[in-house]
Amino acid sequence: MPSQTSCLRYWDLSSQIRLADAIALWCNVDPAQLASLGFDTQCMSAKRAALVTALREGRLEYEDLGIVTARGQVFKGAPLDELVAKDRLLIDKASLRRWFEQLPFEDRPAFLFDEARQAVLPDGSDAAETNSLKAIAIMAHLLAASAGKYRAGERPNAEAIGQAVNDAAKQFFGDDVRGYASFHKKLGAALRTFNQELPQRLRDS
């Protein structure tokens with residue numbers, strides 16, 4: 001079973017969090033365990049009161065999950081205390097982080113402040129993949145401009161750069177390196193995407 005520390009990376013994928021989950025993680029308790037055991041402490045009660053106060057005073061941003069009416073519409077706009085009591089709100093994690101940063105004492109819960117975890121999240125879209133390929137191509141152009149051996153005419157030499165990446169990977173990580181041997185193919189695809197996306201005025205120059 002994954003540890004709570006390893007599970008924090010999955011909490012990173014969400015931009016919002018339920019009040020009870022935030023309190024549990026703030027206390028380094030697995031939210032699932034908290035719900036199943038009905039576990040509570042004086043510290044948790046105090047932290048809950050602090051967060052609710054921040055919500056009431058408008059210092060935390062949140063989303064009203066609403067309720068579905070008999071006609072299938074979603075009703076929103078219930079009083080904050082009702083949303084809290086019925087667990088129908090999601091706290092914006094960016095505003096929660098800002099709130100922690102403004103506390104008069106040092107308190108940086110890992111689920112918001114562990115900088116060792118990946119901060120840049122994938123969006124899963126075609127645009128993200130396209131931009132990633134273009135970034136690789138731009139780096140290849142920069143490398144080719146700085147060293148002639150990585151250039152074929154006026155263009156980056158995907159084969160030479162791919163071989164250099166593979167050799168460097170072995171130096172850093174040893175011979176058992178997967179994926180790097182065919183990096184020149186990835187780079188070739190990146191350069192094709194780059195050329196396709198390049199504005200016509202730059203292609204003609």
Only helices (runs of 4 or more DSSP H) wholly contained in region 79-142 count here; list those with 1 or more residues that are charged (D, E, K, R) and modelled with pLDDT of 80 or more. 80-85, 93-101
Which condition from (1) at pLDDT 90 or above; (2) within 26 Å of the chain's Cα centre (by Cα) is the one that Glu57 breaks? (2)
Give me the pairs, please: first residue somewhere in region 139-161 and free of Cβ contacts under 8 Å to residues at least 40 places away in the same chain, second residue anywhere and polar (S, T, N, Q), beta-carbon distance under 8 Å, and either six or more positions apart or on two chains. Ala144/Asn157; Lys149/Asn157; Tyr150/Asn157; Arg151/Asn157
Specify the residue that is surrounded by the most Cβ atoms within 10 Å (Cβ to Cβ); the eligible residues are those in region 147-159 that are part of a helix (DSSP H, G or I) and more than 33 Å from the chain's Cα centre (by Cα). Tyr150
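The values are calculated or read from the model by the stated rules, or taken from the named source; none is laboratory data. A quick note: this is a predicted structure, and the numbers were derived from the prediction, not measured. Virtual Cβ from ideal backbone geometry, glycine too; neighbours counted across all protein chains shown.
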